[in-house]
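K.L.:
Provided herewith is a single structure, encoded as structure tokens, for subsequent inquiry.
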Amino acid sequence: MRDDEKALVARLRAGDETAYREVVDAYRDRLLTVISRVAGAGADAEDLAQDAFLKAFGAIGRFDGRSALFTWLYRIAINTARDWHDHRRRRPTVPLEGADGPLVDPVADDAGPEHAAIAREERAAVRRALARLPEPFRTTLVLREMEGLAYEDIAEALDVSIGTVESRIFRARCKLRVLLEEELP
Amino acid sequence: MNAAGHDGPSDAERAEALALLSLLRDGRSVDAQSAARARALAASDPEVAAMLAAWERQAALLAGEPGLHAPADFTERVLAAARPDGRGELLTLPVARRLALAAALLLAVTLGWSLARPGTLRADPDLQRHRHAVDHFRATPFAHDDILRGLRGRVHDPEANLPHVVVPTGSQR
């Protein structure tokens with residue numbers, strides 16, 4: 001852990017509200033994004049992100065500093081999103097993974113309407129395919145391909161070994177190819 | 001010819017090569033000989049090449065997914081939720097401060113309860129033994145003096161069935 005991060009953690013432990021503000025401002029977009037991707041469509045990512053921050057604040061005394069603060073926050077956010085996802089799976093009255101729903105409004109494409117339509121369809125297809133990718137492959141692939149995390153950080157965030165991360169990413173890529181071909185013939 | 005007697009690599013050989021290529025794609029270290037074998041297979045085998053092309057395509061699609069942006073008031077909402085009543089201190093008090101707060105609350109409640117009991121009761125050791133009964137009667141419509149008189153009489157009455165009270169005898173008085 002870097003010295004500036006150590007100082008930040010010390011301020012968090014001391015209950016310094018400006019430190020909490022710094023953490024939320026620094027990580028809110030990343031946590032919101034990863035939660036929406038792990039929990040899937042239909043999740044209230046803002047509520048879950050808020051919940052994740054509150055859990056992190058409440059548990060800051062137990063943060064041992066062996067990992068970076070953001071990796072620790074990721075772990076809490078991912079667990080929060082997974083809990084929500086698992087809870088929803090146990091309650092089938094809630095609509096299933098709405099893969100048609102975009103995570104956000106797609107960015108306008110300047111290359112013409114036809115190209116934009118194809119790009120939109122591809123984006124929708126990859127969302128549907130990703131939504132069908134079973135856990136734990138989905139979260140692992142999201143962290144690697146969408147969040148750009150290093151294998152070591154993924155291992156920390158998911159509390160698994162590097163070898164497990166390597167295996168999951170490989171298998172996730174192979175599975176996603178099959179699913180994407182089904183979605184996008 | 002592969003181990004199964006067919007031309008080209010076996011499925012197991014392809015799978016092994018692809019597992020290595022997945023690592024190489026992410027810049028992971030693989031021993032040079034294995035890496036060279038996997039790359040050679042990728043260059044010569046259409047199935048492996050197609051898989052790599054598919055990985056590139058899906059990675060580009062995934063990476064192109066835009067992220068979310070929290071609304072402007074998100075930070076304030078989180079900080080407000082961290083405060084129990086929206087005004088007080090954050091929920092995340094350090095452990096030492098939480099313990100100190102809990103100890104202070106406990107002390108205040110104990111002292112308050114003790115001081116709320118009339119001094120005449122606290123001063124009498126026999127009545128002190130029956131403080132729970134006193135506390136019970138204080139919640140009744142009986143007057144304060146009636147309770148005191150009744151309890152004093154009962155404590156000093158040798159006929160009273162109070163086995164744990166040492167009733168002073170005449171010679172002890």
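K.L.:
Given the conditions (1) under 14 Å from A:Thr139 (Cβ atoms); (2) at pLDDT below 90, which single one is not true for A:Thr93?
P.N.:
(1)
K.L.:
Could you figure out which of (1) surrounded by 14 or more Cβ atoms within 10 Å (Cβ to Cβ); (2) more than 9 Å from chain B (Cβ to nearest Cβ) isn't true of A:Glu114?
P.N.:
(1)
K.L.:
Answer yes if at least one residue in segment A:67-82 is farther than 30 Å from A:Ala129 by Cβ, within 9 Å of chain B (Cβ to nearest Cβ) and more than 16 Å from the chain's Cα centre (by Cα), and no otherwise.
P.N.:
Within segment A:67-82, none of the residues are farther than 30 Å from A:Ala129 by Cβ, within 9 Å of chain B (Cβ to nearest Cβ) and more than 16 Å from the chain's Cα centre (by Cα).
K.L.:
Now for a different question. Give the residues of segment A:35-58 that are more than 9 Å from chain B (Cβ to nearest Cβ) and of a type in the set (Lys, Arg), sorted by residue number.
P.N.:
Matches in segment A:35-58: A:Lys55 only.
K.L.:
Give segment B:16-35 a look and list any residue that's in a helix (DSSP H, G or I) and either exposed (fewer than 14 other Cβ atoms within 10 Å of the Cβ) or not aliphatic (A, V, I, L, M) (or both), or say none.
P.N.:
Of the residues in segment B:16-35, the ones in a helix (DSSP H, G or I) are B:16-25, B:32-35.
The answer is B:Glu16, B:Ser22, B:Arg25, B:Ala32, B:Gln33, B:Ser34.
K.L.:
May I pose another question? Exactly one of (1) without any contact (Cβ under 8 Å) to a residue 60 or more places away in the chain; (2) within 10 Å of chain B (Cβ to nearest Cβ) is unmet by A:Arg30. Its number?
P.N.:
Failed condition: (1).
K.L.:
Filter segment B:38-65 down to the residues that are part of a loop (DSSP other than H, G, I, E, B), within 24 Å of B:Ala12 (Cα to Cα) and under 45 Å from the mean Cα position of the chain (by Cα) and list them by number. Quick ask: steps written out before the conclusion?
P.N.:
Residues of segment B:38-65 part of a loop (DSSP other than H, G, I, E, B): B:45, B:64-65.
Still in the list and also within 24 Å of B:Ala12 (Cα to Cα): B:45.
Scanning segment B:38-65 gives no hits.
K.L.:
Suppose we filter segment B:47-63 for residues that are free of Cβ contacts under 8 Å to residues at least 12 places away in the same chain and more than 7 Å from chain A (Cβ to nearest Cβ); how many remain?
P.N.:
Result for segment B:47-63: 6.
K.L.:
Residues that are under 27 Å from A:Ala7 (Cα atoms), among the hydroxyl-bearing types (Ser, Thr, Tyr) and part of a helix (DSSP H, G or I): does segment A:34-55 have at least one?
P.N.:
Scanning segment A:34-55 turns up no residue that is under 27 Å from A:Ala7 (Cα atoms), among the hydroxyl-bearing types (Ser, Thr, Tyr) and part of a helix (DSSP H, G or I).
K.L.:
Answer yes or no: is there a residue in segment B:108-124 that is at pLDDT below 80 and aromatic (Phe, Trp, Tyr).
P.N.:
So far as segment B:108-124 goes, yes, one or more of its residues are at pLDDT below 80 and aromatic (Phe, Trp, Tyr).
The values are calculated or read from the model by the stated rules, or taken from the named source; none is laboratory data. Because the structure is a prediction, the values reported are computed rather than measured. Note: ideal-geometry Cβ built from the backbone for every residue, glycine included; neighbour counts use all protein chains shown.
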